[in-house]
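Data block below; observations after.
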Amino acid sequence: MMSSTIVQDIIHQHGGDKALLLQVLLAVQDADPQKYLSEESVNEIARILEIPRSRVYSTASFYSEISLQPRGIYLIRVCTNAPCENAGKALVLQAIEKELGIGAGQTTSDGIFTVECVNCLGACYMSPAIKVNDVIYGDLTPEKAVKIIAELRKEYQDGQNTSGSCI
Ligand code: FES
């Protein structure tokens, strides 16, 4: 769970301005290790900005980038705009879903991966593209996508082994 101090700091950085609610929500979500807007965060934002919780929820629900559910450590965003669609996005998405055993909008039961479909990632010159957390991968094929997932799994496991070792 994210501390209320972080939420307070983010709101402070945005000048406590109610008009910047969306920016606040995105920043709070980014700061959460599970990349979502928790109920506690919603309550804190509503309290500090002195707005109804319903307004926070309606803004959060309107924007697909904001999630009210915890996301995986690796958030895989698959572009579904026309250029990526025409370049073979469907097969790439299918390969990702099959490899992870989940559909778009879902998180693996181990909490490592979430897959979401989004609009343009700004990488149309290398369609089809996906974004994993902050990294864009382009010119994808189903094979490349599966390889990326294998690399991410390894990265995660290596991180686990390192953090668990004693020196
Ligand atoms: S259309 Fe897919 S990244 Fe722009």
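Out of THR59, THR162, one residue alone is crowded, with 16+ Cβ neighbours inside 10 Å, assigned to a helix (DSSP H, G or I), more than 16 Å from the ligand (Cβ to nearest atom) and not hydrophobic (A, V, I, L, M, F, W, C). It is THR59.
Against the test of being modelled with pLDDT of 95 or more, under 19 Å from the mean Cα position of the chain (by Cα) and closer than 25 Å to GLY111 by Cα, the options LEU22, LEU37 yield a single qualifying residue, LEU37.
Screening VAL28 on (1) of a type in the set (Val, Ile, Thr); (2) in the same structural domain as LYS144 (by TED's automatic domain parsing); (3) surrounded by 18 or more Cβ atoms within 10 Å (Cβ to Cβ) shows it passes everything except condition (2). Residues considered: LEU100, LEU93. Of these, the only one that is crowded, with 16+ Cβ neighbours inside 10 Å and within 16 Å of the ligand (Cβ to nearest atom) is LEU93.
Picking from residues in the range 103-139 that are closer than 16 Å to TYR156 by Cα, part of a loop (DSSP other than H, G, I, E, B) and among the polar types (S, T, N, Q), the one that is least open to solvent (accessible area, probe 1.4 Å) is THR108.
The values are calculated or read from the model by the stated rules, or taken from the named source; none is laboratory data. Every value quoted in this text rests on a predicted model; they were computed, and no experiment measured them. Cβ coordinates were reconstructed from backbone atoms using ideal geometry, including for glycine residues, and neighbour counts include every protein chain displayed. Please note that ligands, DNA and RNA were not included when accessible areas were found on the heavy atoms of the full protein model with its side chains. Shrake-Rupley method; radii C 1.70, N 1.55, O 1.52, S 1.80 Å.
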